[in-house]
1. If we keep just the residues of the stretch A:41-57 that are of a type in the set (A, V, I, L, M, F, W, C) and assigned to a strand (DSSP E or B), which is nearest to B:Ser129 (Cα to Cα)?
2. Report yes if B:Gly66 is within 18 Å of B:Leu124 (Cβ to Cβ) and out of contact with any Phe, Trp or Tyr (no Cβ under 6 Å at 6 or more places or on another chain), otherwise no.
3. Which of the helices (runs of 4 or more DSSP H) found entirely inside the stretch A:373-476 contain at least 2 residues meeting this: farther than 30 Å from A:Trp534 by Cβ and free of Cβ contacts under 8 Å to residues at least 40 places away in the same chain?
4. For the stretch B:80-94, what are the residues that are buried (at least 21 other Cβ atoms within 10 Å of the Cβ) and in a loop (DSSP other than H, G, I, E, B)?
5. Can you spot a residue in the stretch A:180-201 that is on the phi > 0 side of the Ramachandran plot, modelled with pLDDT under 90, out of contact with any helix residue (DSSP H, G or I) (no Cβ under 7 Å at 6 or more places or on another chain) and not acidic (Asp, Glu)?
6. Restricting to the stretch A:140-164, name every residue that is within 14 Å of another protein chain (Cβ to nearest Cβ), in a loop (DSSP other than H, G, I, E, B) and crowded, with 19+ Cβ neighbours inside 10 Å.
7. Residues in the stretch B:416-435 that are under 19 Å from B:Leu295 (Cβ atoms) and loosely packed, with under 13 Cβ neighbours inside 10 Å: how many?
8. A:Gln382 - would you say it is under 27 Å from the mean Cα position of the chain (by Cα), within 19 Å of A:Gln291 (Cα to Cα) and at pLDDT below 85?
Amino acid sequence: MGLDIVHFLSSTVQLERVLALLGPSVAQDRLHAGVLAYHLGLVGKQHSLMVVLLGGTGAGKSTLLNRLMGREISATSFLRTFTTGAVAAKSPQQQVPEGFLAEEHQAIVDLPAQGEGGALLVATLDATPWPRLILVDTPDVDGDKPEHRSEADKAFRYADAVIFLVTPEKYQMTELTPYYRMAGNYALPALFVMNKAEQREMVEDYLGILEENGHKSPRLFAVARDDAGYAPPVEQSLKSMRQALEALEASADWENGLVQRAKHLVDRVKGHLKGLDDQRMAADRLSAKLQELVQPQQKMDVSPLLRDFKVQMRNNSVLYLTSATRIMDWGKSLAKKGRSLLLSQWRHPQPPASGGESDGSQAEILEPPLSKSLREQFIAAQNSMENVLLGDPYGKKWITQSELAYQATKLPVEDAKQIYQTQMDRLQQWMNQRRDATPRDTEILMKLLRLLPGGKKLIKWTEAAPWLMIVILVTHGAFFGHWDVPLIGGYYLFNFLAQRFSDEVKKRARQANSDIEADFVDLNLQQVRRIVQWINQQVPSHQMIEQLRRAVEDLSRIVYGQPENAL
Amino acid sequence: MTMALAELVKQIAEITESAVPQSFEEDAPVPGLDMLESQNDEECYFIGLIGGKDVGKSALVNALVGQEITQRIGYGKGTETVIAYVHQSRQAEVAQKLEKIAPGQYTIITHDQADLTRQALLDLPDIDSIHEEHVKLTGQMLRHMLFPLWLQSVEKYADAKPRQLLQKVAEGNVPENFLFCLNKADQLLAREGQEQLEKLRQDYAARIQSLLKLKAPPRVWMISALQPEVLDLPQLRRVLAKQKSVPNVRQARQAAMRQRHLNVVRWADGLNLPGRLARLEELKRRAEQVFDQSLGAELLNRRIPDLLEDPAHRARLVDAAMDQRMMRWPMIGAVQMLLRLPLSLPLRLVFQARRRGVAGSKALVKQHLALGDMADCLKGAIVQLQQKDISIYNLYGQSRMGGEFCAAQAAQLQTQLSEAMELHKEQLLGHLLKRDRLIYALGRWLLTWGAAAWFMLLQPVMEVMLRDSWRAAARHIPLLVVQAISVPVLLSNLVFVAIWLVVLWVAVRWRVHKRVDRLVCRQGGSIKQPAAQAPLRAVVENWLAGLQAPIEQARRHMACLVEQVEALRQATAESQK
């Protein structure tokens, strides 16, 4: 098939780059992308075939390598999990392809070598039996050290050909099964060796297992255990294995194998992408939900705090002084006094205020209700935000993942109190300014009155106005004839309306209310923003995901032919 | 105790929302609790060979027994079933047991060695091959096996799979009950010599030691199943050729049980139960403080006194007492009836009572402790607590910020308070109307009927009789009687009697009023805390305590669990000595 290797390679490299940015959660994908890029980079180039030995502990990988090369290259021991890193053997003319294992290649002089985790040890021999091959010994795939397993896995993925090594005790091991299948899928030339073979039946049984795992006619060789009276048939002997190695070359299907690898990679990344999409969606959903929580639950109202001040201000206002409301208030206060006089005999003597309580509790009790309400509402808002997060499986996961960072996003509760304090200070300032100033309506009226003839006298008599009105009303008709009722009614209507419209205190209170509300919403918004920021740290951004999607889409188009609508 | 341990684990897992320890999972390969708890000393115990494919389990069984009882196959599936080597007298017992564990998957081979009656040697399938059913069967058997024999080969001893299984089993059994054998040692001996063999033994022992965190490396038997006469095998045979004594088996059981206990204790330690308990205690303290400050202070210092001070409440008491009192007075009852209506209006004005001066207890309580108001107060307190610990969210019902909970609690407080007030009223009334003597009744008759008779008839008649000679009087009296039922005299007399009755009514009311006053505020109680407050205070305090109930409940549960874990730890430590 006409495969555009250059395009294939570049999109794989791009995918690897994006995966690298996404951090440790996709480390495995990144490794696979790196492997694919390595293999693609070598397509069409002359290079030595890297043949990797793969098997369990004690299968005799190092021993077989030494035996094949005829030299002690990799150190062997009866102690298990002895080899700790990959060891390659090459002749001076050969080159280990650059980027193999994505590790440092260290040349070694002292043989035999035990291997070194995280590096490829390269032994350069004077001559090797197979000038086209480089044999690589690896750590075990089934031992008790996880780092050995990952090292062996990596070596397998970078390999150009593989030799599976088992023993009678281990040929049924489950750890190798996935590798058998992968070798078949990836068109990886594979040789199978049963070391320490004792019986023909075992070798045949192994053959059966290989066939079950997709190897139709595996090239299986047997090495008999030293003391066993079993000699493998010629076609399974070590000698024919040497010949097989001689003839070993990259499969004709190699490129297809690479496409298979890419397909697996694409499928894996798409699976991850789905997870990332889900997380991203959860993050967006949570952010949206949090935004809904910024409105205060209760209305703020400072007007009770301004009641005394309002009464005070009223006494300066001409409109009030000349209004009937004043008479009514006077009557009301009289009634109040009478009532309290009446009630006083019902009351118990009040207990004297006790001074023995602790200061802390006193302070808490003395906290102004509005400030307390603000604080409580802010706490409530924070709690409901937390509840929203905890109510979502992803949110819960993130919180357990980075508890500390999450706790740091919480704003101190005292900030809510601060809002109240600031607004109250402003209000106080305003009150101080206005306390001694003449109300605006009075000023205007005074000016108007002064324009009238005898205005100054009128000003002096303004306070008596309501009483005069009452006199006029009571002596109905004596002064203005039948016009007195509509006249006085009109006057009071005007007075009432004017008072309503020029109520400065009410206006100021309304402004203070909306200011407090706005500040509170601001504070909540700030809190939400901090949490959203924290959420965004937990999940890659849209852009990142989109980039990954594009990269994987690109690769998918190459290996699957056409773009999939599913994405 | 078995149930108690499993139950304890379940409860801890539930309260901490964490998973149970591995050894308590459904099919964990550890000795089952029922087996460990068994008191039947005559029961067979199992020694089973646990090992990977082709390590030589069957060969070792044969070597131990001294005859070929199970087939050695190095290829294919190998041993697929349990092969039990038991004394002939125990065949039925073991068969029954195995039938329960692995129906149809066992073979029993009998012997007649008298000193091996209670021991059953088992050959088992491998634990690491591609045949999953083998692994499952061995896992099943491990649940009933007190003495596993871990068999590894020179080649396989560092494999990950047996290691994982050993770790799992060790969670519920002690290493003292294990035997560790390394088979095929002869291969190495032939090649490398005795010295290296010792090195290998040390390597394997060190691996087991680090895995099981032992103080000293365990004994590893280096054997060769195919050569029963060399290395450690003869010794091993001697060890296994004699059954363990009853006390030994019992001890092994206890040790395994202790291991399970220890496992639970360690798991519980990892969950930091005391820390959780401390947090709950802190939360409780805090809750007490918050409730006392934000609700208790408000209720006890302001609302309750206000409620009792409410003139409407007093008027209600006085009215009720008056109603009762008036029943005893002749004639004045009518005045009471007549005066009630005109009086209700001014009373309403003065007391601002919504309904006819005498509002019901419920209405009064509602007026002073509005539902929404209380619920908000409570909500505020809970929100403050939540700030301290978000888990409060779970304790107070799942509703968001305990909204429903608050409303329900506030309603409950209202009902309880009005009930208490009603009760209090009844008590007061009972107190007020307690005594009624004949002399009082006589006085009442005199003051009412007597007065009426006196003013309307007796007084004018007697006046005439005293003023005039009795003859003139005799003439006058009928006249007077006639006059007395004339309209103007009747009217004026009636008006006077009415005034008299009203005065009496006022006097009675005043007295009742005074007595109520005295009873309500000065009876027994100090001036700071009037007696009437006591029952209401009790209600409020009860209610406040009730608010903490969910926390208290959780705390008590946690404390109980901590105690049990502690007891378990102590028991384990003691039995270790």
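The values are calculated or read from the model by the stated rules, or taken from the named source; none is laboratory data. Quantities reported herein were computed from a predicted structural model and do not represent experimental measurements. Neighbour counts are summed over all protein chains in view; Cβ atoms, including those assigned to glycine, are modelled from backbone coordinates with ideal geometry.
1. Looking at the filtered set, the residue picked out is A:Leu54.
2. no
3. Counting at least 2 such residues, we get A:414-435, A:440-451, A:455-461, A:465-474.
4. None; the set is empty.
5. Yes.
6. Hits for the stretch A:140-164 are A:Asp140, A:Val141, A:Asp142, A:Asp144.
7. Matching residues across the stretch B:416-435 total 0.
8. Answer is yes for this residue.
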